1. Helix 29-51 sits at what angle to the longest principal axis of the chain, using alpha carbons and giving 0 to 90 degrees rounded to 10?
2. Could you run the Karplus curve 6.51 cos²θ - 1.76 cosθ + 1.60 with θ = phi - 60° over the range 76-85 and give me ³J(HN,Hα) per residue in whole Hz, x for Gly and Pro?
3. Amide H of Tyr56: which non-local residues (sequence gap of 5 or more, or other chain) have their own amide H closer than 5 Å, using H built in the peptide plane?
4. Go through the range 81-112 and name the chymotrypsin sites (Phe, Trp or Tyr not before Pro) that are in a DSSP coil and have 10 or fewer other Cβ atoms within 10 Å of their Cβ.
5. Ignoring ligands, DNA and RNA, please state the percent of accessible area on the chain from carbon and sulfur, probe 1.4 Å.
6. For the range 1-69, state which GluC sites (Glu not before Pro) are in a DSSP loop and have at most 11 other beta carbons lying within 10 Å of their beta carbon.
7. Relative to the present Cα-Cα distance, how much length would full extension add between Phe40 and Ile109 at 0.36 nm per residue of separation?
8. Just how far, in whole angstrom, is the range 86-102 from the range 12-70 if you go by their alpha carbon centroids?
Amino acid sequence: MEQQKLPNATTSIILGSISFICCCFSAGIGGLILSGIAFFLANKDEKLYAEQPELYSNFSQVKTAKIIAIIGLVLAVLTMAWTAYTIFSAGGWDAYMEQQMEIYKQMGIEVE
């Protein structure tokens with residue numbers, strides 16, 4: 001019998017990898033969403049493999065995808081916590097935005 005590939009292994013690796021980048025650009029929210037989806041897909045493939053392991057050949061990819069997704073989830077949660085800490089320590093959203101404007105001015109970036 002010819003072995004098949006698990007359907008979501010590659011997709012979950014890609015989503016998990018992209019979640020690292022999204023953590024930086026969306027205060028952790030994008031990373032949380034993408035790594036959560038990657039983790040769900042990896043778990044789904046893991047259950048599929050557990051039912052009939054002789055049918056599938058790429059289980060190591062699923063394990064890798066699950067590890068990447070877990071790292072992405074942890075990174076997203078840490079990024080969200082850091083963002084919340086910086087906003088609240090600045091005195092709220094308005095004070096945080098004023099601090100950011102000052103940083104931009106010091107760097108010579110013009111913001112309206």
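The values are calculated or read from the model by the stated rules, or taken from the named source; none is laboratory data. It should be emphasised that the depicted structure is a prediction, and the values quoted were computed from it without experimental measurement. Cβ placement follows ideal geometry from the backbone for every residue including glycine, while neighbour counts extend to all protein chains displayed. The protein model used for the area step is the full one, side chains on, heavy atoms only, and it has no ligands, DNA or RNA in it. Shrake-Rupley method; radii C 1.70, N 1.55, O 1.52, S 1.80 Å.
1. 10 degrees
2. Once rounded to whole Hz, the list reads 5, 5, 5, 5, 5, 5, 5, 4, 4, 4.
3. Counting only residues 5 or more places away or on other chains, the set is Gln4.
4. Counting only loop positions with at most 10 other Cβ atoms within 10 Å, none of the chymotrypsin sites (Phe, Trp or Tyr not before Pro) in the range 81-112 qualifies.
5. 65 percent
6. Glu2
7. Stretched out fully, the Phe40 to Ile109 stretch lengthens by 20.7 nm.
8. 34 Å
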